[in-house]
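The values are calculated or read from the model by the stated rules, or taken from the named source; none is laboratory data. On a predicted model such as this, the values are computed, not experimentally measured, just so you know. Heads up, the Cβs are rebuilt from the backbone with ideal geometry, glycines too, and the neighbour counts pull from every protein chain shown.
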Amino acid sequence: MPEYPQIFRLRQSFERPRVAEVAAEVDVRLAQLSLGEKIWPGHSVAITAGSRGIANLPAIVKAIVDHLRKLGARPFIVPAMGSHAGGTADGQRKLIEEYGVTEEYCGCPIRSSMDTVVVCQAREGFPVHFDRFAAEADHVVVCGRVKPHTSFAGDVESGLLKMMLIGLGKHHGAKIYHRAIMDYSFAQIIRSVAREVLSRCRIVAGVAIVENSYDETALIAAVRPEEFESREKELLVLAKRWLPRLPFDSADLLLIDELGKDVSGTGMDTNVVGRKFGYHEPGPTEKPAIRYIAVRGLTAKTHGNATGLGLAEFCRSRVLRERDVNVTRINSCTGGDVCAAMTPLDYETDHEILDAVLPLIGLTEPRDAKLLWIRNTLQVAELACSAAYLAEARRRPDLEILSSPSPLPWDAAGNLPDRVTDWL
């Protein structure tokens with residue numbers, strides 16, 4: 001049996017811009033667009049709500065609704081999330097309701113359907129799909145978070161354009177767009193589809209959200225349709241700057257308490273764990289360089305969708321029992337990433353995982369292993385680290401050591417606490 005590393009608690013310091021009054025900020029930003037010049041009393045307006053666990057999402061959507069109601073409009077909400085929630089209308093409605101985006105709270109109807117209309121053929125020769133309810137509205141407000149994509153790199157990645165592409169394209173659109181990306185590129189297809197949607201689908205405004213490293217709302221921007229691309233480029237620079245990061249450039253083992261679609265499109269953010277450009281190893285210039293990843297559980301809000309599990313080498317066996325195989329496969333295949341649904345080596349206990357991993361880290365003695373333990377890739381401000389990092393942590397002004405190294409907190413069954421935050 002290997003000798004296990006000792007661990008200590010650590011807190012990172014990140015830049016922390018925050019929006020103090022989210023609803024008021026939404027109203028102020030939308031007012032700058034003078035939407036009353038286009039939206040007249042009685043006009044219907046569709047507002048998108050996606051599948052990610054965006055901070056303050058209910059308050060942001062409600063503030064959009066309230067602003068439109070002041071103009072005399074008739075707003076409603078459409079779930080915009082491609083194939084997520086099993087690719088069903090009822091599943092997608094329930095998902096946003098679990099986030100708090102409900103008819104009662106927001107004060108307007110939710111209209112969920114997987115039906116789309118084909119608005120045209122893209123230049124590349126495939127149909128452009130658009131949510132049927134949104135297509136029937138007089139106007140559409142696209143609301144979404146701008147952040148680095150988990151698979152594609154460019155000056156536009158995940159944000160308002162992608163919401164028009166995948167979110168409002170629903171399952172039909174998501175399938176054909178991901179196929180097209182394989183023949184062309186993400187950059188070409190996202191711009192091609194966005195160009196058609198913006199010119200044909202009565203997009204009246206965008207509400208772009210950028211979050212900080214603490215999973216908080218850092219910035220809200222109201223954007224005119226003709227400025228979607230240029231503004232998104234600017235916001236992506238900030239999103240990358242404020243992205244949460246692990247504190248060290250390498251690790252032998254990263255323990256992740258929970259994987260889920262509410263955390264990231266790939267369950268864990270590949271930008272955080274260093275797996276954006278390859279499975280089971282970092283790209284040539286990627287940091288951090290993580291040798292092995294072990295997933296310990298799924299979030300409740302992912303509803304069994306374990307897309308991204310294939311990024312990990314190890315997992316607790318309970319993850320496979322919690323996984324909805326069909327939902328996971330639908331989402332991974334729709335996204336053209338079948339590896340994301342593949343199964344790591346599974347073990348019943350954390351003890352067994354460490355016993356399997358520690359002999360695989362080369363000549364490093366198990367007690368000296370570099371181990372990081374986080375709740376999920378959105379919440380890395382506080383984490384647990386093995387004693388191998390202690391000397392570096394003492395030299396770093398951006399790191400605060402919260403405890404002395406101590407043995408791993410095993411229970412009688414050989415497991416760690418379900419969440420590192422329970423130990424922290």
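For segment 335-378, give me the residue count where each residue is of a type in the set (Val, Ile, Thr) and buried (at least 22 other Cβ atoms within 10 Å of the Cβ). Walk me through it before giving the result.
Initial filter on segment 335-378 (of a type in the set (Val, Ile, Thr)): 338, 343, 349, 353, 357, 361, 364, 374, 377.
Among the residues that remain, those that are also buried (at least 22 other Cβ atoms within 10 Å of the Cβ) are: 353, 357, 374, 377.
The number of residues fulfilling the criteria is 4.
Of the residues in segment 93-145, how many are farther than 25 Å from residue 221 by Cα and among the small types (Gly, Ala, Ser)?
Total satisfying the criteria: 4.
Based on this model, can you work out whether residue 328 counts as assigned by TED's automatic domain parsing to the domain that holds residue 417 and part of a loop (DSSP other than H, G, I, E, B)? Working first, answer last.
Working: assigned by TED's automatic domain parsing to the domain that holds residue 417: yes; part of a loop (DSSP other than H, G, I, E, B): no.
No, not satisfied.
So, of the residues in segment 263-284 that are touching a helix residue (DSSP H, G or I) at 6+ places or on another chain (Cβ under 7 Å) and surrounded by fewer than 22 Cβ atoms within 10 Å (Cβ to Cβ), which turns out to be farthest from residue 359 (Cα to Cα)?
The residue in question is 276.
Among the numbered criteria (1) under 25 Å from residue 277 (Cβ atoms); (2) in contact with a helix residue (DSSP H, G or I) (Cβ under 9 Å, 6 or more places away or on another chain); (3) surrounded by fewer than 21 Cβ atoms within 10 Å (Cβ to Cβ), which one does residue 160 miss?
(3)
Can you find even one residue in segment 77-87 that is touching a residue at least 40 places away in the same chain (Cβ under 8 Å), in a helix (DSSP H, G or I) and out of contact with any Gly (no Cβ under 8 Å at 6 or more places or on another chain)? I'd like the intermediate steps shown before the answer.
Of segment 77-87, the ones touching a residue at least 40 places away in the same chain (Cβ under 8 Å) are 78, 80-87.
Checking the rest, the ones that are also in a helix (DSSP H, G or I) come to 85-87.
Restricting the remaining residues to those that are out of contact with any Gly (no Cβ under 8 Å at 6 or more places or on another chain) gives 86-87.
Scanning segment 77-87 turns up at least one residue that is touching a residue at least 40 places away in the same chain (Cβ under 8 Å), in a helix (DSSP H, G or I) and out of contact with any Gly (no Cβ under 8 Å at 6 or more places or on another chain).
Any chance segment 277-286 includes a residue that's under 23 Å from residue 50 (Cα atoms) and over 14 Å from the mean Cα position of the chain (by Cα)?
So the first thing to find is which residues in segment 277-286 are under 23 Å from residue 50 (Cα atoms), and the list is none.
The answer is no; no qualifying residue exists.
Quick check on segment 179-201. Is at least one of its residues crowded, with 22+ Cβ neighbours inside 10 Å, assigned to a loop (DSSP other than H, G, I, E, B) and in contact (Cβ under 8 Å) with a residue 60 or more places away in the chain?
Taking every residue of segment 179-201 in turn, at least one turns out to be crowded, with 22+ Cβ neighbours inside 10 Å, assigned to a loop (DSSP other than H, G, I, E, B) and in contact (Cβ under 8 Å) with a residue 60 or more places away in the chain.
Could you tell me whether segment 258-267 includes any residue that is at pLDDT 95 or above and of a type outside the set (Phe, Trp, Tyr)? Quick ask: steps written out before the conclusion?
Step one: of segment 258-267, the residues at pLDDT 95 or above are 258-259.
Adding the requirement that they be of a type outside the set (Phe, Trp, Tyr) leaves 258-259.
Yes, some residue in segment 258-267 is at pLDDT 95 or above and of a type outside the set (Phe, Trp, Tyr).
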